[in-house]
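First the structure, in the form of structure tokens, and then the observations on it.
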Amino acid sequence: MYSSNLTGFILAVVSSAFIGSSFIIKKKGLQKAGSSGPRASVGGYGYLLEPLWWIGMITMIVGEISNFVAYIYAPAVLVTPLGALSIIVSAVLAHFMLNEKLQRMGMLGCLICVVGSTIIVLHAPEEQSITSVQQIWDLAIQPAFLLYTASVVAVSLVLILYCAPRFGQTNILVYLGICSIIGSLTVMSIKAIGIAIKLTVEGTNQLVYFQTWIFGTVAVTCIITQLNYLNMALDTFNTAIVSPIYYAMFTSFTIFASVIMFKDYSGQSASSIASELCGFITVLSGTAVLHSTREPDPPPITDLYTPLSPKVSWLIQGNGEVWKQKDEDGSFPSFITVVRQDYFK
């Protein structure tokens, strides 16, 4: 068990390094694509033709593959919190490559996130032994997890159909909420696929069971949705803030899903569970510190009628004379009238 967890730990660390770097590379690609066409934040897909974005995608895929293998050897409650390392990588690289300045309080926030993750790792429960994909399927169709799945689908639809078009450009929690909630189902499906592949390689073919393919379909669907809204978040908000908030939300929902599905804390002592909760609170506190240091992002212009200034000038033209007036009190005029006297002659 110790050797298995150690392997999972090393793979999780490698995964965090690649994923943290991919945030920066992808954002550079998104910025380059946005300079010559519609940005991803407003529904543009020009980044698909940008080589730099694909380099970032390949980097993320390598990280996710490492993460995928880590889930085979270690429980989700151990692997997922180690994503805190990607916060440090992305924050440091954003500081130097994107000029997104990381203030001292931001550095403290990163440190707090790592401390919280360490607490979680030290008190992570042991994973139960899985011998077939059918066993995982039985865990997935238990009433508690079916209720969780239904809740995830319902909340995601509300966020996607109602909140994203209205508040996605101004509230960072909308896009990242979609990624994180759906991401919890992604991890459960990936873990099932990983165990199926491991058992198949060991000689017990799991590809003959329809449950394996259902888990695969769910994983692909969730991953595509996650990537779409993560791109929107990266293109709209500061990378140094996207990474830690995404980490905190994604980790929380993933561990919650894992506890429901795999009953990770069954048999754990009250002190271990309390320590895990303290770890979560610590991570969330670090995220709050990072969020408080965020510099306001300029709101994107979504149409041609967005007001550019609270002070407005207008012209009234008649008989060759021009009269210019500026609203000095900062109020916005209800309408603007332009009159040409010679029009009525």
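Starting from residues that are closer than 16 Å to L122 by Cα and hydroxyl-bearing (S, T, Y), keep the ones in region 251-280 and report whichever is surrounded by the fewest Cβ atoms within 10 Å (Cβ to Cβ). It comes out as S271. Within region 6-63, the set of residues being outside any helix (DSSP H, G or I), without any contact (Cβ under 8 Å) to a residue 24 or more places away in the chain and among the charged types (D, E, K, R) comprises E50 only.
Filter region 187-203 for residues that are assigned to a helix (DSSP H, G or I) and of a type in the set (D, E, K, R); which is farthest from A76 (Cα to Cα)?
Keep residues of region 187-203 that are assigned to a helix (DSSP H, G or I), which gives 187-201.
In the following step, the residues that additionally are of a type in the set (D, E, K, R) were identified as 191, 198.
Numbers: K191: 8, K198: 16 Å.
For region 187-203, the residue satisfying everything is K198.
Once region 35-84 is narrowed to residues that are open to solvent by less than 40 Å² (accessible area, probe 1.4 Å), in contact with a Phe, Trp or Tyr (Cβ under 7 Å, 6 or more places away or on another chain) and of a type in the set (V, I, T), the residue that is modelled with the highest pLDDT is T59.
Answer with yes or no whether F9 is aromatic (F, W, Y) and surrounded by fewer than 23 Cβ atoms within 10 Å (Cβ to Cβ). Against the criterion (aromatic (F, W, Y) and surrounded by fewer than 23 Cβ atoms within 10 Å (Cβ to Cβ)), F9 qualifies. When restricted to residues that are modelled with pLDDT of 90 or more, open to solvent by 20 Å² or more (accessible area, probe 1.4 Å), of a type in the set (A, V, I, L, M, F, W, C) and within 22 Å of Y246 (Cβ to Cβ), region 194-230 contains 4.
Checked against (1) polar (S, T, N, Q); (2) open to solvent by less than 20 Å² (accessible area, probe 1.4 Å); (3) not in a helix (DSSP H, G or I), N99 passes all but condition (2). Taken over region 232-250, the criterion of being open to solvent by less than 10 Å² (accessible area, probe 1.4 Å) and at pLDDT 85 or above is satisfied by A233, F237. Within region 125-133, one or more residues are among the aliphatic types (A, V, I, L, M), open to solvent by less than 30 Å² (accessible area, probe 1.4 Å) and on the phi < 0 side of the Ramachandran plot.
Would you mind stating whether I182 is assigned to a helix (DSSP H, G or I), out of contact with any strand residue (DSSP E or B) (no Cβ under 9 Å at 6 or more places or on another chain) and open to solvent by less than 30 Å² (accessible area, probe 1.4 Å)?
Details: assigned to a helix (DSSP H, G or I): yes; out of contact with any strand residue (DSSP E or B) (no Cβ under 9 Å at 6 or more places or on another chain): yes; open to solvent by less than 30 Å² (accessible area, probe 1.4 Å): yes.
When the stated conditions are applied, I182 passes them.
The values are calculated or read from the model by the stated rules, or taken from the named source; none is laboratory data. As the structure is a computational prediction, the values presented were derived from the model and not from experiment. Note that we place each Cβ from the backbone using ideal geometry, even for glycine, and neighbour counts take in every protein chain shown. When the accessible area is computed, the model is the full protein with side chains, heavy atoms only, and any ligands, DNA or RNA have been set aside. Shrake-Rupley method; radii C 1.70, N 1.55, O 1.52, S 1.80 Å.
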